[in-house]
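The values are calculated or read from the model by the stated rules, or taken from the named source; none is laboratory data. Source: prediction; values computed, not measured. Here the Cβ is made from the backbone with ideal geometry for all residues, glycine too, and neighbour counts use every protein chain on show. For accessibility, only protein heavy atoms count, side chains too; no ligands or nucleic acids. Shrake-Rupley method; radii C 1.70, N 1.55, O 1.52, S 1.80 Å.
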Amino acid sequence: MRKTIFLFALLAGTLSLQAQNYPLRARLSDPNSFSVIVIPDPQSYTKFAANQPLFELQTAWIAREIDSLRILTALCTGDLVEQNETAIPLAFRKTDQTSAEQWRAASRAFERLDNKLPYVVCTGNHDYGYTKSENRLSRFPDYFPMTRNECWRHKIVSVCNNAHGIPTLENAAYEFHTDTWGDLLVVSLEFAPRDEAIEWARKLVAEPRYANTRVILLTHSFIAWKGNRKKTEPYELTDANYQQAIWDKLVYPSPNIRLVICGHECHPTTDYFETVGFRTDKNAAGKSVAQMMFNAQTADGQWHGNGGDCWLRILEFLPDGRTVSVRTFSPMFALSPVTCDKAWRTADYDQFTFDME
């Protein structure tokens, strides 16, 4: 018996020595909550070889915390790459990676979540064309086919054809069942969605089976940091709907779309206030629609920095079935006792609650 106890103690001690010590761990405020993680535009991680491990740090952290934070899904706001289709890295410090290297880096980061979590990724303007949306050519379907993540098998309920007539995850809907919030539907739309994609989404959320389902819309471009919605954007795409048109044609007339999440808007700044945006408006049914923009890629004051300091957003869905708590967290800072005091952004625009009635 003594020998058995000694061996058990020795094994436990060995395991504790092997376990990594994290000085700061994110926790739910209520153990009966669940969370959704928002991953902001990763293009500035993938465009430089030295930054790519930081993107993997984000997804590795998400994978590690799936159980502790009861993560339902992770939502990525698009712009996976700096340029979609070029064999030559862009000059003037814009990138040191070819498009293929950038796409491989994005894919490699999400491999850490494959078969563990039904994450959702939308496409951004940089994911189309040769550098940024000269046309609707995209390598996204090549690197993110519907078969890559087994967790999608029982979550994807509908997809729409892309501009080339092929059903892809550029426009897709994912259904989630929860104990405290009932059913949730996440609809992911391509950048500057075509009328066909808008109509597909509108008809889908209007189906009787989703009458009592709260819908989260994920699309790359929807509001700016000041909260305004633009009518046009400077891209060459045809059959394109920009921010205000998406509201007018899809969000406003749909009574069950209750939250819109986007990225896209950014400029070099050290003021975090200018890297986020939030507003609420009433839809046609008189229900409040929360609209959130989050894009960290220039939060260190430059276009060509480290990609965004690994900032993520943790959306905690409280067990009352209507309150969402938002916190902004960096697993990079949290890894070290020297920097963990910087791991939370605590200004009122980075830490707040809102209702999804």
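General remarks:
- Check on residue 111, open to solvent by 10 Å² or more (accessible area, probe 1.4 Å) and modelled with pLDDT of 95 or more: yes
- Residues in region 275-327 that are in contact with a helix residue (DSSP H, G or I) (Cβ under 9 Å, 6 or more places away or on another chain) and open to solvent by 10 Å² or more (accessible area, probe 1.4 Å): 281, 303, 304, 305, 306, 309.
- Qualifying strands (runs of 3 or more DSSP E) (wholly inside region 230-317; at least 3 residues being of a type in the set (Val, Ile, Thr) and under 21 Å from residue 173 (Cα atoms)): 257-262
- Residue within region 120-142 that is without any contact (Cβ under 8 Å) to a residue 12 or more places away in the chain and open to solvent by 10 Å² or more (accessible area, probe 1.4 Å) present: no
- Entry remark, region 328-351: residues being open to solvent by less than 40 Å² (accessible area, probe 1.4 Å) and part of a strand (DSSP E or B) number 3 in total.
- Of all residue pairs spaced 6 or more apart or on separate chains, those with beta-carbon atoms under 8 Å, a first member in region 62-91 that is more than 25 Å from residue 276 (Cβ to Cβ) and free of Cβ contacts under 8 Å to residues at least 24 places away in the same chain and a second member that is in a loop (DSSP other than H, G, I, E, B) and of a type in the set (Asp, Glu) are 89/96.
- No other residue among 114, 79, 96, 67 is in a loop (DSSP other than H, G, I, E, B) and closer than 20 Å to residue 24 by Cβ apart from 67.
- Every pair of residues 6+ apart whose Cβ atoms lie under 9 Å, when the first sits in region 236-260 and is without any contact (Cβ under 8 Å) to a residue 40 or more places away in the chain while the second is open to solvent by 20 Å² or more (accessible area, probe 1.4 Å) and hydrophobic (A, V, I, L, M, F, W, C): 252/284; 255/206; 255/211; 255/284; 255/285
- Selection from region 219-229 of residues that are farther than 18 Å from residue 172 by Cα and among the β-branched types (Val, Ile, Thr): 223
- Test set (1) open to solvent by less than 20 Å² (accessible area, probe 1.4 Å); (2) of a type in the set (A, V, I, L, M); (3) not in a loop (DSSP other than H, G, I, E, B) - residue 159 fails condition number: (1)
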